[in-house]
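Notes follow once the structure below has been shown.
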Amino acid sequence: MRKVINRKVYDTDTAELIHEWDNGHFSSDFEYCEEYLYRTPNGNFFILGAGGPKSKYAVPVGNSGWSGSSGNITPVSKERAIEWLEDHGGSEKIIELFPEEVEEA
């Protein structure tokens with residue numbers, strides 16, 4: 001998947017996959033949601049997401065219908081990437097990639 005956003009190319013083929021998450025629903029479920037955090041070769045982060053018609057990736061279809069979608073790329077800051085990892089079971093990746101951002105409790 002490759003997309004230009006604000007004159008920057010976000011490409012899943014050249015970026016490093018950092019962490020993946022899904023909500024545990026089957027991919028055929030209307031509430032299914034999956035997200036992947038990537039880091040580009042230049043150090044920028046983005047989330048690739050997909051989901052069913054009752055997920056945050058739902059898109060309107062026709063007059064009153066909804067459909068799922070895939071291939072949604074959202075650039076995120078380093079801070080948002082760390083928050084996303086915290087919220088999606090990526091604690092080990094935070095410690096590995098951002099040791100300067102954490103401290104012992």
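Annotations for the structure displayed:
- Around the Cα centre of region 2-101, unit charges on the Cβ atoms of Lys, Arg, Asp and Glu (plus for the first two, minus for the last two) sum to a dipole of about 640 debye.
- Over the chain, relative contact order from alpha-carbon pairs under 8 Å, at least 6 apart, %: 19
- Using alpha-carbon coordinates, inclination of helix 78-87 to the longest axis of the chain, degrees: 70
- Counted by neighbouring Cβ atoms within 10 Å, the residues Ser64, Ser69 run from fewest to most as Ser64, Ser69.
- Per-residue Cβ neighbour counts within 10 Å put Phe30, Phe45 in the sequence Phe30, Phe45, beginning with the fewest.
- Between region 1-40 and region 51-97, the Cα center-to-center distance that results, in Å: 7
Values quoted throughout were computed directly from the atomic coordinates according to the rules given, and no laboratory measurement underlies them. These figures come from a predicted structure and were not determined experimentally. Ideal geometry is used to build each Cβ from the backbone, glycine not excepted, and the neighbour counts take in all protein chains shown.
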